[in-house]
Amino acid sequence: MVSNTKSKVEANFLPVFDCQNDGISAYYCSPYRTSASGTVRDEALLSVGMDERSINHAIVQENMIETIRRGVTKATTLQYEGGGEKVIIPINGSALVYKEIATEFTALCKGIQAEILQSVIFEVTNVSDDSSMSFLDEVAIILYLFCHKYSCRISPATLNFSYYATCNYSSVAFSLGNKEWPIEKISGPLRRIGLMAEASRLNVCLHGVATDEIRSAALASKIQYIDGEIVT
């Protein structure tokens, strides 16, 4: 576990390429924290302090809030520059249903100018494929107060996309981890996700695209947004 007393949350901002409009449309806020024990990133960082039986509210809350602050700072800069790009900020959905953490999230967002939040897309992470529709809806209700566009991180094996559409998620996302996956293993799941998302009228953001072959497969699967080592 990363020691919070010896490190702070930082973030890289990865350009997100819009394959349909042929340009950078957003930046993904990828948080990380480094200590003597190593660096923890993204969804793994947001899960620090949580296990199946307990939650360390202070650690989980700090990582979530500091990630949001980094993302909002980037969104403020982009809005000042007038380019129109959005900032995608990951948020721990499993933690957000705890009243104490939801209260801190709400207090933070209330202090952010509404026009800045219009440039933010919250991406719900740390949820499992067997999450109920009522759970996804509970998270969505909290987010909708401040951000009318929100997404949910899924796994390549996700089969039920209707829950996300019913709860008004505008898109789904999943990560390939910047690994050079063999194209014969990844092309099938990409096609399936593209078709199922299209049927539910959901956009798809594919994180961690590492090769030209995977990018081509994503384009063929009608996946609109990609980021990763291949996107500069």
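Here's the list of aspartates and glutamates a cross-link from Lys149 could span, going by alpha-carbon distance under 12 Å and ignoring same-chain residues fewer than 8 apart: Glu123. By how many degrees, between 0 and 90 and to the nearest 10, does the Cα long axis of helix 183-199 differ from the longest principal axis of the chain? In the chain, helix 183-199 runs at an angle near 80 degrees to the longest axis.
I'd like the antiparallel share, as a percent to the nearest 5, of DSSP beta bridges with both residues in region 10-226. Of those bridges, close to 40 percent are antiparallel.
Filter the trypsin sites (Lys or Arg not before Pro) in region 191-232 down to the DSSP loop ones having no more than 15 other Cβ atoms within 10 Å, then list what survives. Counting only loop positions with at most 15 other Cβ atoms within 10 Å, the trypsin sites (Lys or Arg not before Pro) in region 191-232 are Arg201.
Computed over the chain with a Gaussian network model linking Cα atoms closer than 10 Å, the most mobile of Val172, Val40, Val124 is Val40.
Ignoring aspartates and glutamates fewer than eight residues from Lys179 along the same chain, the ones with Cα atoms less than 20 angstrom from its Cα are Asp42, Glu43, Asp212, Glu213, Asp227, Glu229. With contributions of -39500 (n - 2.57) from each DSSP H run of at least four residues, the per-residue ellipticity at 222 nm computed over the chain stands at -12000 deg cm²/dmol.
Across the chain, the mean sequence separation of Cα contacts (distance under 8 Å, 6 or more residues apart), normalised by length, yields a relative contact order of 17 percent. Farthest toward the positive end of the dipole of region 10-226, out of Gly83, Cys29, Gln113, is the Cα of Gly83, where the dipole comes from beta carbon charges about the Cα centre.
In this calculation the C-beta distance from Arg191 to Ala36 is compared with R0 = 35 Å, giving a FRET efficiency of 0.20.
Kindly flag which residue pairs out of Lys8/Lys74; Lys110/Lys222; Lys86/Lys185 have an alpha-carbon separation exceeding 29 Å in this structure. Going by Cα-Cα distance, Lys110/Lys222; Lys86/Lys185 fall outside the 29 Å limit. In a simple Cβ point-charge model (Lys, Arg +1; Asp, Glu -1; nothing else charged), region 10-226 has a dipole of about 140 debye relative to its Cα centre.
Each value in this text was obtained by applying a stated rule to the coordinates, not by laboratory testing. As the structure is a computational prediction, the values presented were derived from the model and not from experiment. Neighbour counts run over all protein chains shown; Cβ positions are idealised from the backbone, glycine included.
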